[in-house]
Amino acid sequence: MAAQVPADELSKLSVNEAANTKGNPSLATSTVTNGNLNRDSDDSDDEAEDAPTAPAVGAAKKKKKRKPKKKKKNPTEQSDPPRVPVSQLFPNNTYRKGEEVEYVNDNLYRTTDEEKRHLDNMNSDFLTDYRHAAEVHRQTRQWAAKNIKPGQTLTEIANGIEDSVRALVGHQGLEEGDAIIAGMGFPTGLSINHCAAHYTPNAGNKMVLQQDDVMKVDFGVHVNGRIVDSAFTMSFNEKYDPLLEAVKAATNAGVKEAGIDVRVGDIGGVIQEVMESYEIELNGQTFPIKSIRNLNGHTILPYSIHGTKSVPIVKSNDTTKMEEGDVFAIETFGSTGNGYVHEEGEVSHYAKRGDAAKVDLRISSAKTLLNVINKNFGTLPFCRRYLDRLGQEKYLLGLNNLVSNGIVEAYPPLVDKKGSYTAQYEHTILLRPTVKEVISRGEDF
């Protein structure tokens with residue numbers, strides 16, 4: 001999920017504007033003997049013949065032995081659409097690792113250092129949760145990439161992704177507090193063409209994906225508040241390939257450069273250099289591909305998608321260093337337009353502020369809605385569709401009141417100039433004591 005650069009921070013950026021049982025159990029057949037009572041020998045044969053036949057006293061009833069039930073085996077592959085919880089595909093919480101990359105230079109010692117390895121081993125729950133969330137993200141996005149087609153509505157696409165995430169983590173999020181255990185780390189962003197970020201359909205949205213669209217697919221998955229943030233771009237016309245290639249290469253360059261003690265401003269310079277080495281020809285006109293200078297990567301904190309550190313995607317004088325234990329979303333955005341975005345359009349993304357002051361709310365609907373947000377999302381981002389899904393009605397007045405009181409943050413869509421095209425790629429990295437783990441890396445990107 002994109003982090004926007006505050007306006008007063010843009011002065012720090014140095015941008016090169018020109019360049020860039022049902023299983024057939026065995027039937028246990030038991031031999032049951034019906035007991036017959038013997039009569040005394042004194043009884044006459046006649047009496048025995050004349051006597052009506054009666055059920056023997058104390059006769060044993062037939063008992064059917066229970067058929068042994070075979071234990072259900074866990075499925076070994078994912079369904080289509082994805083509905084099998086990944087915990088069933090990976091017994092004992094042994095989820096796949098991300099891409100592990102050794103540190104270099106002064107931090108090379110960390111790979112074999114006993115103290116660092118001990119610290120790493122102490123983070124088992126942390127790593128399990130992150131690898132769980134990453135596996136859900138990989139399986140969901142790979143399914144989405146194969147199944148999203150022009151002609152589908154954005155609502156259909158978003159619901160398909162979010163239904164899959166909830167099924168794969170095993171938490172539907174309809175019961176109070178369930179979505180805080182595991183589920184969506186933030187709403188599915190489906191930003192098209194000149195819209196770079198923070199667009200998801202609200203109720204009643206009829207927008208349809210077109211053959212000539214460039215769509216950013218940006219969603220998060222969390223397990224116990226550990227959020228995996230990863231994004232990719234889809235297009236259905238090969239003329240946009242240079243734009244997508246530029247942004248993917250820039251993201252990979254940023255991921256490669258990132259590490260403990262690395263200055264974030266230096267990473268921005270590397271990203272910009274790679275991004276702006278590309279150009280694209282559209283309708284007979286050549287456009288330089290520019291880094292969108294007021295969008296950033298960012299740290300991720302528990303239950304908070306935007307942490308306290310930012311990673312610029314243009315050269316910057318920011319000397320903030322990455323540190324051991326940090327979790328970063330390295331995301332880059334490229335544009336054929338101005339390389340600068342502004343807020344425009346109907347808001348869909350919201351999040352409760354972690355630093356919100358206590359306010360005496362006077363509108364009852366705001367109080368009610370805040371209670372719903374606290375119990376179902378906490379500080380995780382949400383959208384209007386999520387409130388609709390919980391059965392909330394006529395909440396806009398209360399929601400706007402929470403925004404105006406500084407309790408909830410609104411995230412409007414971020415757009416470049418109309419007629420331009422933007423693309424995004426993103427990975428989450430863990431700066432572990434011993435190695436850098438690109439936790440969201442997959443076979444796709």
Rounded to the nearest 0.05, what FRET efficiency is calculated for Glu77 and Ser364 with R0 set to 45 Å and r the Cβ-Cβ distance? 0.35
With all protein chains present and a 1.4 Å probe, the order of His171, His349 from largest accessible area down is His171, His349
Tally up the carbon and sulfur contribution to the accessible surface of the chain as a whole percent, 1.4 Å probe, everything protein left in place. 47 percent
Could you tell me the calculated FRET efficiency between Asn400 and Gln210, based on Cβ-Cβ distance and R0 = 25 angstrom, to the nearest 0.05? 0.20
Based on the Kirkwood radius over alpha-carbon pairs, what value in µm²/s does the Stokes-Einstein equation return for the translational diffusion coefficient of the stretch 360-445 at 25 °C and 0.890 mPa s? 149 µm²/s
Reported to two decimal places, what Rg/Rh ratio describes the stretch 302-445 when computed on Cα atoms with Rh from the Kirkwood expression? 1.02
Based on the inverse mean of 1/r over its pairs of different Cα atoms, what is the Kirkwood hydrodynamic radius of the stretch 195-265, in Å? 15.1 Å
On the formula 1/(1 + (r/R0)^6), with r taken between the Cβ atoms of Ala357 and Asn93 and R0 of 41 Å, the FRET efficiency rounded to 0.05 is 0.55
Accessible surface, 1.4 Å probe, highest first, among residues Tyr240, Tyr411: Tyr411, Tyr240
Report Rg (one decimal) and Dmax (nearest whole number) for the stretch 137-190, counting Cα atoms only, units Å. 11.7, 36
Could you report the chain's accessible area per residue, 1.4 Å probe, as an integer in Å²? 51 Å²
P(r) over all Cα-Cα pairs of the chain, 20 Å bins from 0 to the longest distance, whole percent per bin, short to long, reads 23, 48, 15, 7, 6, 2, 0
At 222 nm, what helix-only mean residue ellipticity would the chain give, in deg cm²/dmol to the nearest 500, using -39500 (n - 2.57) for each DSSP H run of four or more? -8000 deg cm²/dmol
Once each part is reduced to its C-alpha centroid, what is the distance from the stretch 89-165 to the stretch 197-221 in angstrom? 23 Å
Spin-label model distance (nm) - Asn317 vs Ala410, 7 Å beyond Cα toward Cβ: 3.5 nm
Alpha carbons only, please: Rg and Dmax for the stretch 281-378, in angstrom. 19.0, 59
What is the extension gain from Asn147 to Arg263, computed as 0.36 nm multiplied by their sequence separation minus the C-alpha to C-alpha distance, in nm to one decimal? 37.8 nm
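The values are calculated or read from the model by the stated rules, or taken from the named source; none is laboratory data. The structure presented is a predicted model; accordingly, all values stated were derived computationally and were not measured. Using ideal geometry, Cβ is built from the backbone for each residue, glycine included, and neighbour counts are taken over all protein chains shown. Ligands, DNA and RNA are stripped out before the accessible areas are found, and what is left, the full protein with its side chains, is counted by its heavy atoms. Shrake-Rupley method; radii C 1.70, N 1.55, O 1.52, S 1.80 Å.
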